[in-house]
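J.: Okay, handing you the structure first.
The values are calculated or read from the model by the stated rules, or taken from the named source; none is laboratory data. Only a predicted model underlies this, so the values are computations on that prediction, with no experimental measurement involved. All Cβ positions, glycine included, derive from the backbone under ideal geometry; neighbour counts span all protein chains shown.
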Amino acid sequence: MRRVPHHLIDVAGPRERYSAGMFARDADAAIAAIRARGRLPIVVGGTMFYVRALLRGLFPEPPRDEALRRTLDDEWRRDPAALRERLAELDPEAAGRLAPGDRQRILRALEVALVAGRPMSALWREHPLPQPRYLARLLGTAPGRPELHARIAARVDEMYARGLLGEVRGLLAAGVPPGAHALKAIGYRECLRVLAGEWTVEQHGNGRRRRRGSSPSVS
């Protein structure tokens, strides 16, 4: 980071809700500024959802229903398998595509199906993605799963050694609610379970081996 300017890091507080649409807006501004200096923007990390939002925009989903989302959140805490089965009934295509532990996307797919009265998969087909907004080359790595799992486990150990639990305790003590969107990020939400006594640090590490993802940064 000392050698190359980085953008879109620490751009939102833990109480703020930062969406893929907001990321695309801020990334557009960063990319324009980088190109104005005659440099090549590089978007690094994150999930394909954020990359897709940047390259092609977002399709017009139904608005969030906060009351319904709270109900689904409660049901997920009690019985995730039941919600996965419910999604399989309402939107089998989405259910087959999403990982069993992908809570956020499973709940959103259910929310859309219940609010719109139609599966999200059907809505996506009716609104094909537009042409890319940028001429981009996508590059990725494909390490073997044993190597990937070992690197994720080492990363979790490093995060704990550097004080991840203390950081989450500090956020809660500062008044950030456990349900804040920022604390739903991978790593933070598992820490909440550790602090609540539901998990041990070892269980967090085992769970982290199976999941990846965050929003991208721009440099």
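J.: Restricting to segment 128-187, give me the number of residues that are more than 21 Å from A12 (Cβ to Cβ), out of contact with any Asp or Glu (no Cβ under 9 Å at 6 or more places or on another chain) and charged (D, E, K, R).
T.: 8
J.: Next question. Which residues, counting only those in segment 28-63, are part of a loop (DSSP other than H, G, I, E, B), aliphatic (A, V, I, L, M) and out of contact with any Gly (no Cβ under 7 Å at 6 or more places or on another chain)?
T.: Of everything in segment 28-63, those that are part of a loop (DSSP other than H, G, I, E, B), aliphatic (A, V, I, L, M) and out of contact with any Gly (no Cβ under 7 Å at 6 or more places or on another chain) turn out to be L40, I42.
J.: Could you tell me whether any residue of segment 87-97 is under 21 Å from R189 (Cβ atoms) and touching a residue at least 12 places away in the same chain (Cβ under 8 Å)?
T.: Step one: of segment 87-97, the residues under 21 Å from R189 (Cβ atoms) are 87.
Filter once more, keeping what is touching a residue at least 12 places away in the same chain (Cβ under 8 Å): 87.
The answer is yes, given that some residue of segment 87-97 is under 21 Å from R189 (Cβ atoms) and touching a residue at least 12 places away in the same chain (Cβ under 8 Å).
J.: Sort out which residues of segment 152-169 are on the phi < 0 side of the Ramachandran plot and surrounded by fewer than 12 Cβ atoms within 10 Å (Cβ to Cβ), and write them in order of number.
T.: A154, E158, A161, R162, G166
J.: Select from segment 29-52 the residues that are without any contact (Cβ under 8 Å) to a residue 60 or more places away in the chain and either under 15 Å from L8 (Cα atoms) or in the same structural domain as S121 (by TED's automatic domain parsing) (or both) and list them in ascending order.
T.: Answer for segment 29-52, where residues must be without any contact (Cβ under 8 Å) to a residue 60 or more places away in the chain and either under 15 Å from L8 (Cα atoms) or in the same structural domain as S121 (by TED's automatic domain parsing) (or both): A29, A32, A33.
J.: Which one of these is among the small types (G, A, S), over 18 Å from A53 (Cα atoms) and at pLDDT 90 or above: A136, A113, A142?
T.: Only one candidate qualifies: A113.
J.: Could I ask something else about it? For segment 50-73, give me the residue count where each residue is of a type in the set (F, W, Y) and surrounded by fewer than 16 Cβ atoms within 10 Å (Cβ to Cβ).
T.: Residues that pass the stated criteria total 1.
A quick yes/no check of all residues on (1) at pLDDT below 95; (2) in contact with a helix residue (DSSP H, G or I) (Cβ under 6 Å, 6 or more places away or on another chain); (3) acidic (D, E):
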{"residue": "R35", "(1), (2), (3)": "no, no, no"}
{"residue": "T47", "(1), (2), (3)": "yes, no, no"}
{"residue": "L58", "(1), (2), (3)": "yes, yes, no"}
{"residue": "A67", "(1), (2), (3)": "yes, no, no"}
